Structure formats: structure tokens, C-alpha cells
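These notes are about the structure you will find just below.
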């Protein structure tokens, strides 16, 4: 409601009027003491031009509700009110406005909490202070921080034109601007990038600022003020934009041409020489107003050492091509990753070449890799790499940033069709990802020409190739999952003994045929679709078995009313499922034998992709495909590649979009609150006992690489108490923090009901189920019991964004007698009916059956009170060329994708608008965003981006508190307290402050370790291990082998911990406990980045631990008793080296092996007794 105000003193300010009105509206009559202060808005109308007055003496007061306005006017309105509000000795007159409030203004005031006037005034004062002061700069220096405590300037710019350092309005960034006649050069440094800063009178009595950064700053250019004024003048008075709408700032890869060659190496240390001592005073003053910076008085000694001088770089670049490729890669990693400067690297040339001559290139490259991780490896002992499964290959990685490169690996990565075809040349392939300096995905201000920079930096690499280690690499392809991470494959040319010369062109050509396809004639004309089909060959898969062409059957899709009920799913025989499972398990060197086998597989086969589920009517090694599965023609590829075998059910988790939908469909907040309270309580109580800790790890998927849940169960059964162990306590702190963080920032709430699961979707090929029915059978790995879902069930598929993306169906329960499910219950699948007018999967966010998983629950409290008609969108039109696509066109699409990937923006805006709008998920903008989301999901295959201008804007600029990045916090004036369920759930959790990593073991820990040794020694004595002759040569040889294995493990784990951080700082490294738990404690502004890095961390540690377990257990001829003996020896080695990095996690690995061996021996004894 708008209230007209008049008779306001011309000298009164908005703040003064607002302060007096606040005293009324925030008094108990309008705002009870238990309520949030009422929000309102005051506007004073401008006076006549030239009058010299602040305003016209009139204005308006906007209130959030009609009832509040009516009550206010009853007390303060009219010519003779009961009560008055006086400002500067003048009573303000109030009356109801004749005009209706501006659309959306009342809603914004109603949704936003009142912002304290003093806080706003303080923010305005701080902003004014930051904008009105600057530091004058005399010269700029980038250089190298040497290990002996000296700073070596490697580039310098003496500022012949004015140069100033200023702070941003928000106080979270500083900018150094060097004015030039034709352009202004900018160095922008975010406070979050700064490790430390000093302000001191340095050598030669110079006033110096020194910035030691964790990632390079941003380099930009813009028009100088004079030219910018000319552009503004040409725009004319009616143009409503800014100079940046016409001439945006440009992102650069270096400050200038002289800085460019050494920018990859010397952009982390910046020395700024100021004009006068007063500039240091000004800088310190500004730091007090800009939260987050506290300068020290440290002064670096300065010495010009020419570490990256042009002659030094030329000598280095001549040396690289003379090295074998594996060695050259590791040498480049040492310099690009800023472990060594180039001059120091050259001093190691002779020892490296000697190492290659004496031990070979592979040993030398492995040595240099571990040297990079500061591992101590002796020259006279061969490294013992853990055994790697055939399903993995050693992958080299290159990260391309705006200023340089970051090289890592080789790391084990799941293989794919192309890698399996070239087993001897894996090091000829590079996995390359493109990120910003902070290692996060690119995000550009509206005032920066981001697309132009991506085209130059990313497009330049894709089209012109990369030169690494003196070798040339070409863009090859990508996988669909990698594209989302802005990662692609590059390859260098190599010779194959059977295929001859292999390069990017021949690899793509040999994949199959993509043109003149009867089922998709336009494929080759659409670069995005062509790239997507090529990407199938790069999907991470396990090779299983080959089938004969005559065993491959073709079946028709079930289609009705334009809807495909079998979209992406075929069938296979039970015998073939068993053969595939047998082959997959044979690839693992060891593993507990299991008699059951999965009934559903996600596959890549020939040119097809999708799901195969068991059909009990098929015999032999039969496989049945459908047209919806076939994407291109590859008849010679008869190996069934397994992307995933569904041998276990997935847990059911709520998330923010699903909660927002369910709340809008009538599920009360109390349901979500109760489920979150249970999850919080279980997390907090998990540290009290080992069995609770094991359950927490299992539910939230933590510690799985190190098999922590299993080991904790074993310790609990043996009644061994390690609750006071420092490393265990730290690991549990990290685990609990991870769970609470996932709850707070993602609302990832587990639903621990027996009837709530995440299952892969398949089709009822026998047509038994009726429309609206599903069949769902669940079988957990640790149990032989089958669970059948029965009754009304809520089913959805992530991501949910439209009110119709959740539906209620009927689960038929236990298989009826005579039904096909009685013969084959398809455990861990949800089976959809093929009857009806439209397929149910397509109604769930446009799902299909090519591997999509669905969330199914019969938990009554979560069943929506009402359901909404499912959305139906036309497929996004494909972006076609008038000629056949080439991989050059696919490269252009990758550039466009990085520039136009707005899926995250669409999803986030949907969630925020649903929070801001009174209509919630039914707001028109939310429904429009749901349609745009469908197009954005199709973009990688259609090539048709969603224009940014089509995305509805937020209702108002302030965002809900749950949307604040964890690096900032939600107390900023930019955020309001959300009253939706996800907002209340967010505020209900306070993340505990994590202490620093605990110190090395103290006396009590040593005492506890001795107790553990005694308890386990008793177990070993029972198995006659303690009496083993340690002087026996065989025993000593095994012990020596296991000691070397531990050294190798510790080195590789350290390498993983250094690589998988969220920072580019030269000292950044994860703790051992983070690696064991599988989490990253550091805050990150992009939550997805942390999840991606955590996923990679878990993959790498899983591969490492798996290989170590195999090595300790021995080969196939090793008896169970010998396995136990070897595990016990390795466990003793872990205890002996407890103070070394890696020993604590090695202790957990070996203890798990001891428990496994004891269990296997007990099972063998039991079987022999039965016989």
C-alpha cells in the first residue's frame, strides 16, 4: 500500500524521515517484540530543477500490507491525526495515495526484511571512503619468491603515465590501473586470492606494497577516460546503458607483451612501489574499511636473479624436445606448477639425463613426479607402482588458465573405447580442462568481454593445438560429462605397430560412420550432435565380452502418440548378464566372491548407447537393441562396454529444488525439518561409537575408497576402542562437517525409510504393468532379502524444476503369481509400464530409459497433497550447417558451449524466483524457466543455446540467505532471510568451526597405539602369526617389499593431496584425513567445483588403495593364511612409521585387509567343517 506524504521539511533527508517512521512501525503496536521488524520504503519526490532543494517536500511511504497501511492512517492520517510524526520541527501529513503501488514493489518489500538504517549508513560511508581514496603507484614488479627468502623481480613496469591502486565499492577487490593514451591496463586482485600482504618502507627507503597470492590476478584493459567520454557522447542522451554496453573491458592473458612469456611462472608475487610514504598510510587506512586485509610489516630482500630471462627460457625450450616425452612432461610440470624456477630446472639437466641413461625414461619420469611431491625416493631402488586394473589407464592432465598451464599426473582414470584400442600409447593423450585462475569455471562481469576472451584463449588452443614438453597436441574430442566440466581430450601423433600413423583425424575416422544414416540423416550437419555421438567412444566404460553378430537382435520401440515407452532401453539374456558379471569380476585381481549378478547394465555397444535389462525369455548370449538406442554406425565394435552395472540400490536424498516443489505441492515444512533433525542428530552422535560412525560413513558415501565403514564395523565387533585416537577424531570431525555442510548448503537430506530409494529405470517389455503402475524391487549388497515397494509412491528424477516433475504412481508390491516379475524380479530397477498415452519417464523432467535414475518413495509424509500436469516441450531446434560438420566445427561448439552454458543460471534463478514470489513454483517466470531449462539441457546435443536475454530476471536484486556463497556468508545486506522451507532448513544448521590439523601423536596416543597393538597381537597369536621366524629370508624379502610399497603409497597419496586442492597456492595440500574421508574442508564459492574435485579425489584414492590392497594380498597363488600374514606385516609397518605422512591411512588399509583375511579363513574353516 502506498501512502502519500506532504509538508516535509525541505532540509530533511530520506534517512531522517525513515528514522522517525521506523520508531513508529517497529514499536510494539505494529511489530510485536517476537516478530521481525516490519519492512517499508520511503521515497522523497525531487524538487523543481534549479530550486536548490533536496526534494519537493512531498513523497510516499510504501507498506507491505493493506491492513498495516489502514491502521497507520487511522493513527497518523488526515488533517488532524491522533498521533504525529515530526521531522526537523515540521509535522508530516499522511493520506492514502491515489495511485496503485508499482508492480512488484510491494511484493519486494513484503519478502525483504527491514535493513537497519545504521547498517546501511555505515555501508554507504565505507563505500564513499573506499571510492574517494587511492594509492599512487611508481612501478610494478612481478617476480619469484625464492626458497632462501629473497624476491627476484622478473618483470617491471615503471609507470610513466598515472597509475593508481583503488578498492572496489564492496571492499572485496583491489584494482591497479595504469593509464595510457590508447588503453588503460588493469590488474584486479580479489581479497580471496591474497595469501598475505605487506606495506613497508623497503630497500633504498622505498614505500612498498607486496602481495603474495594463491592464484594469479586478472589482467584487463579498457578505454582510457578521454576516449570513453567520446563514446558516451556518441551514444546520445537517451541511451540508458553504460560505456561497457558499447565497449566492454577486455580480459588479457598478461599485463603486456613483455610480461606475456613469463606470466605462467611469475604472476603470484606482485611488488608495488608507491610514490610516497603517505601512500602506505592511505593503503593501511583503506584496508581497515575493506574487510579481509591486514597488512604486515614484512620486507622481502630484493635481488634480480634473471630466473626467467629470455636466454634462460630459450635454453630450456631447446632442451625439452631432446627428452623422451614422459620425462619432458614431468619437467614441464615442475616449472608450470611453480615447483622450480626455470634456471634451477636447468641446473638439474645433467642429473636428469644421467638418471634416464642409468634407469630409463619411465623410471626417470616416475622419479620426477614424486620429486614434485617432495617424496624421497632413492636412486638405487626401483619404484613399485600399485597394480592397476585393465579398466584403468594412466592419464596425463593439463589445466589451461588465462595466464598459463598446470600439469598433473599420470593418475589412474577409468578407460574408454579409444584408450583400450591404443594400450601402448596412453601417454599420447591429454585430458585438458579450461578454468579461470582460481581453478573455478569462468565467470565474467557484465562489463567484461568474456566471450571474446574465451574465443581467443580456449578457441585458440582447440584450433591451434597445444605445445607441451616440446610436443604438439591436437584437439581430439570430449565426453558428455567432461564437457560439463569444460574438459576435452587432446592427442599427439604417434606410431602404432598395427595401425601405422595415428592422429586425431584417424582416431575419429575409425570410430564409425556418422553421415548418410537412415535413422538420423541430419546428424553430420549439426556440430553439437556430431560431437555428442563421437563422445560415446570417450565415455568411461569397462570392456566386458564380445558377442557374435548373429547374437545381436533388433526389436521395435514401443511408441504411441509421439511418445516412446522404450526410449534407450533394450534387453539381454540371463546367461549374457552372468557372463558380463563374470568378466567384470575377473578384471579385479581379488574380491569377495558373490553368487548374484546385476540384472541391468548401462552400455556402449557398436554405435548404440543405453540400458540393457534381463529378459527371461531370451536364451544364449543374446542381446536385443532398439532403434532409439542406435546413434551411429559402428558394426565392427562387438565388445559390450559397461558404463555402469546396477548391482546395488541408491540412497534417497532430498535436495533444494525437490523440497521447493514438494512444499509448493502441499508437503508441510515440519516433514523436512523432522528428516533434517534426524540427519543432524545422527551426524553429531556418530563420534560416540564406532558402529554409529560406520553408519554415518555408509549413508553419506564417505571413506569408501579406504573401506572405512567396513573397518569400523570390524573394530566394533572386536571391541577395540579408538575413539580417543587423534587421527580418528580429526577424520570424524571432517566427516561430520561434510555431512552438515551438505545439509546446510544443498539440503541433501537422507530419507532413511526402508521404502525410499534411487533406482535405474527400465521398461516392462512384457506389458504386464498398467498405466500409472510401477514395479520396484530392491536388494542391498549386504543382504539377501528382497524389498518390494507397494502402494502410492512419489516418483521424480533430478533435476526437478516444473510442478509436474513429481508424480504419484502405484507400486504393485510383491510379484503376482504368474507374472513375468515372478520369473525375473529385476532387483535395483524401477520398471515402467509401456501402456498409456504418454511414457511416465518423459513426464519426469523429460527423462528416458538410457541410464536415468529415479527417486522413488512410499514414505507417506512425502507424498504430494496434489500433483500437477507434467510439462510437455517440443525438442529444441538443432543448429545446422549447410555442409558436413568437421571437428573444427565441433571445436567452435565447445567454445560456444563454455560461453553459453546457462543451465546453472536457469536453475538458480528458478529457485530464487520461487523463493521471492508469492506464487512460488507457480509463478509465470518459474514456469518459463522450466521450459528454458529443457532447452538448456538439450543444448549439448542441439547446439542451440538459450539466449541470456530470455532468462527472466529476479523479482528484486536481494537474494535469499541460502544462496550466499559459503565464502561470503549470508549476513551481507545483499541477502534476506528466506521464509521458504529451504531457508528455514539452511538457518537451522550452524557449521562448527574446524580446528587446525592436529599435531603429531602425543604420549596418550602412543599409549593407545600400544593397547591396539596388544589387542591385535592377541588375535595374531591365535592364528600362529606372532611366532613367525622374522629371520627367515622369505619373510624378510616380503617385509622389504611391503616397506617399499608403503614408501610408494605415501608418495602417491601425497601427490594426490597436492593435486586435488581448491587453490593454486604453491603450498596448498589436503590433509591425510581429508583424503581418507573423501572430502575437502576449504570453502569454495562454486559448490560444484568442490564436488567435482572431491569426486576426482575419491576416484584417485580408490584406484590407489585398490592397487595397494592387491599388492599386499599377493598373487592368485597366495594362500589365505599367507594373505593374513602379509596384511599383518604391512600393518606393523604402518605402526612403525606413524609419524610419516601416509602411515595413518596405511594403517586403516592394512587393518581392513587383516579383517578380510580373518573372515575368509573363518568361512573356509566353516565350509571344510560342512564337507
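Quick look at the numbers
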read-out	value
The one condition in (1) modelled with pLDDT under 90; (2) in a loop (DSSP other than H, G, I, E, B) that residue 108 fails to fulfil	(2)
Residue check, residue 700 more than 30 Å from residue 908 (Cβ to Cβ) and in contact with a helix residue (DSSP H, G or I) (Cβ under 9 Å, 6 or more places away or on another chain)	no
Criterion (at pLDDT 90 or above and in contact with a strand residue (DSSP E or B) (Cβ under 9 Å, 6 or more places away or on another chain)) met by exactly one of 469, 404	469
Condition check for residue 984: more than 27 Å from residue 535 (Cα to Cα) and part of a helix (DSSP H, G or I)	yes
Subset of the stretch 746-774 [without any contact (Cβ under 8 Å) to a residue 40 or more places away in the chain and not in a loop (DSSP other than H, G, I, E, B)]	none
Tally, over the stretch 525-575, of residues that are in contact (Cβ under 8 Å) with a residue 60 or more places away in the chain and either in a helix (DSSP H, G or I) or over 16 Å from residue 629 (Cβ atoms) (or both)	26
Residue in the stretch 285-294 that is modelled with pLDDT of 90 or more and crowded, with 19+ Cβ neighbours inside 10 Å present	no
Failed condition for residue 84, given (1) assigned to a loop (DSSP other than H, G, I, E, B); (2) out of contact with any strand residue (DSSP E or B) (no Cβ under 7 Å at 6 or more places or on another chain)	(2)
Any hit, the stretch 861-871, residues being surrounded by 19 or more Cβ atoms within 10 Å (Cβ to Cβ) and under 30 Å from residue 612 (Cα atoms)	yes
Residue count for the stretch 314-359, restricted to those that are surrounded by 16 or more Cβ atoms within 10 Å (Cβ to Cβ) and in contact (Cβ under 8 Å) with a residue 40 or more places away in the chain	18
The listed residue being surrounded by fewer than 23 Cβ atoms within 10 Å (Cβ to Cβ), in contact with a helix residue (DSSP H, G or I) (Cβ under 9 Å, 6 or more places away or on another chain) and without any contact (Cβ under 8 Å) to a residue 60 or more places away in the chain, out of 597, 616	597
Single unsatisfied condition, residue 728 versus (1) on the phi < 0 side of the Ramachandran plot; (2) free of Cβ contacts under 8 Å to residues at least 12 places away in the same chain; (3) surrounded by fewer than 19 Cβ atoms within 10 Å (Cβ to Cβ)	(3)
Members of the stretch 548-572 that are in contact with a helix residue (DSSP H, G or I) (Cβ under 9 Å, 6 or more places away or on another chain) and either under 16 Å from residue 851 (Cβ atoms) or surrounded by 21 or more Cβ atoms within 10 Å (Cβ to Cβ) (or both)	564, 565, 566, 567, 568, 569, 570, 572
Failed condition for residue 905, given (1) under 20 Å from the mean Cα position of the chain (by Cα); (2) surrounded by fewer than 18 Cβ atoms within 10 Å (Cβ to Cβ); (3) more than 30 Å from residue 459 (Cα to Cα)	(3)
Selection within the stretch 1122-1150 - out of contact with any helix residue (DSSP H, G or I) (no Cβ under 7 Å at 6 or more places or on another chain) and in a helix (DSSP H, G or I)	1122, 1125, 1132, 1136
Which numbered condition residue 517 fails, given (1) in contact with a helix residue (DSSP H, G or I) (Cβ under 7 Å, 6 or more places away or on another chain); (2) more than 22 Å from residue 395 (Cβ to Cβ); (3) crowded, with 22+ Cβ neighbours inside 10 Å	(3)
Entirely in the stretch 171-232, the strands (runs of 3 or more DSSP E) that have 2 or more residues that are in contact with a helix residue (DSSP H, G or I) (Cβ under 9 Å, 6 or more places away or on another chain), more than 16 Å from residue 448 (Cβ to Cβ) and assigned by TED's automatic domain parsing to the domain that holds residue 133	173-179, 194-201, 207-213
Among the candidates 670, 686, 705, residue that is outside the structural domain of residue 563 (by TED's automatic domain parsing), within 27 Å of the chain's Cα centre (by Cα) and not in a loop (DSSP other than H, G, I, E, B)	686
Residue within the stretch 1068-1075 that is assigned to a helix (DSSP H, G or I), in contact with a strand residue (DSSP E or B) (Cβ under 9 Å, 6 or more places away or on another chain) and under 19 Å from residue 1143 (Cα atoms) present	no
Residue 242, sole failed condition from (1) touching a helix residue (DSSP H, G or I) at 6+ places or on another chain (Cβ under 6 Å); (2) surrounded by 14 or more Cβ atoms within 10 Å (Cβ to Cβ); (3) at pLDDT below 90	(1)
Qualifying positions in the stretch 95-104 - in contact with a strand residue (DSSP E or B) (Cβ under 7 Å, 6 or more places away or on another chain) and either modelled with pLDDT of 95 or more or surrounded by fewer than 16 Cβ atoms within 10 Å (Cβ to Cβ) (or both)	95, 96, 99
Verdict on residue 743 being surrounded by 19 or more Cβ atoms within 10 Å (Cβ to Cβ) and over 19 Å from residue 858 (Cβ atoms)	yes
Residue in the stretch 1078-1100 that is in contact (Cβ under 8 Å) with a residue 40 or more places away in the chain and either more than 30 Å from residue 268 (Cβ to Cβ) or over 17 Å from the mean Cα position of the chain (by Cα) (or both) present	no
Subset of the stretch 153-173 that is crowded, with 18+ Cβ neighbours inside 10 Å and without any contact (Cβ under 8 Å) to a residue 60 or more places away in the chain - its residue that is nearest to residue 966 (Cα to Cα)	173
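The rows are residues; the columns are (1) surrounded by fewer than 16 Cβ atoms within 10 Å (Cβ to Cβ); (2) at pLDDT below 50; (3) not in a helix (DSSP H, G or I).
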| site | (1), (2), (3) |
| --- | --- |
| 953 | yes, no, yes |
| 995 | yes, no, yes |
| 1025 | no, yes, yes |
| 1045 | no, no, no |
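Residue-wise test of (1) over 23 Å from residue 495 (Cα atoms); (2) modelled with pLDDT of 95 or more; (3) within 26 Å of the chain's Cα centre (by Cα); (4) not assigned by TED's automatic domain parsing to the domain that holds residue 1061.
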residue	(1), (2), (3), (4)
374	yes, no, no, yes
378	yes, no, no, yes
390	no, no, no, yes
400	yes, yes, yes, yes
421	no, no, no, yes
425	no, no, no, yes
440	yes, no, yes, yes
451	yes, no, yes, yes
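The values are calculated or read from the model by the stated rules, or taken from the named source; none is laboratory data. Quick caveat, the model's predicted, so the values are computed rather than measured. Virtual Cβ from ideal backbone geometry, glycine too; neighbours counted across all protein chains shown.
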